[in-house]
Amino acid sequence: MDEKYTLNDLALMTGFTTRTLRNYLTQCLLTGEKTNGVWQFSAEDIDRFFSEPFVKEGLRIKRSSVVFDFMADRRKKEERFCMILDIPASVKKGNEISAFFCDKIKELTDIRFNYGWDGGICRVIISGAADAVAEMMKAYCTADFND
């Protein structure tokens, strides 16, 4: 069965609020299926959404804000990491990677995450407490993604 993503998963991946995503649903920029009152999105729905020019620009801004906010914060009281991964990937592999990070982010606290796929490159940006980011990266490095 193909991976399905919820509105909360999509919010984690993009940095958009669920309210913004609901507005995109109303505007038909985002399509999905509502089952038992829960929005679900296929990989194709997400790929189509990411391909919208208006959405692409919003995603670019959100990705930049994760890095900018990390660099602008001068009051850090503990070690913090900000990592950018650019991974050459098919749409299928990109979807597996996004699902992996969506699942992992739910297990950890104090993490900011952004995901994007464009033209064969999967970009993942993660920032947060050093131990949490290191734990996530260790899990990523030992995961097996099909291509």
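The values are calculated or read from the model by the stated rules, or taken from the named source; none is laboratory data. Only a predicted model underlies this, so the values are computations on that prediction, with no experimental measurement involved. Every residue, glycine as well, gets a Cβ built from its backbone with ideal geometry; the counts of neighbours run over all protein chains shown.
Observations
- Condition check for V133: modelled with pLDDT of 85 or more, assigned to a strand (DSSP E or B) and either aliphatic (A, V, I, L, M) or out of contact with any strand residue (DSSP E or B) (no Cβ under 9 Å at 6 or more places or on another chain) (or both): no
- Segment 79-117 - residue that is of a type in the set (F, W, Y) and closer than 13 Å to D9 by Cβ and, of those, surrounded by the most Cβ atoms within 10 Å (Cβ to Cβ): Y115
- A single member of E96, E3 is farther than 20 Å from I125 by Cα, acidic (D, E) and touching a residue at least 60 places away in the same chain (Cβ under 8 Å), and it is E3.
- Residue within segment 121-128 that is surrounded by fewer than 16 Cβ atoms within 10 Å (Cβ to Cβ) and at pLDDT below 85 present: no
- Selection within segment 116-147 - over 24 Å from F68 (Cβ atoms) and touching a Pro at 6+ places or on another chain (Cβ under 9 Å): G120
- The residues on offer are K104, K92, K76, and the sole one that is in a loop (DSSP other than H, G, I, E, B) and over 10 Å from the mean Cα position of the chain (by Cα) is K76.
- Residues of segment 81-134 satisfying the condition of being touching a Lys or Arg at 6+ places or on another chain (Cβ under 8 Å) and not hydrophobic (A, V, I, L, M, F, W, C): D86, N114, Y115, G116, D118, R123, S127, G128
- Near pairs, Cβ below 8 angstrom, 6+ apart or cross-chain, from segment 117-141 (farther than 27 Å from D45 by Cα and in contact (Cβ under 8 Å) with a residue 12 or more places away in the chain) to any residue that is in a strand (DSSP E or B) and polar (S, T, N, Q): V133/S127
- Members of segment 27-69 that are in contact with a Leu (Cβ under 8 Å, 6 or more places away or on another chain), among the charged types (D, E, K, R) and more than 18 Å from N8 (Cβ to Cβ): E52
- Subset of segment 21-74 that is among the basic types (K, R) and more than 19 Å from G116 (Cβ to Cβ) - its residue that is surrounded by the most Cβ atoms within 10 Å (Cβ to Cβ): R22
- Some residue of segment 108-130 being over 18 Å from F50 (Cα atoms) and assigned to a helix (DSSP H, G or I): yes
- Residue in segment 72-82 that is farther than 24 Å from E52 by Cα and aliphatic (A, V, I, L, M) present: yes
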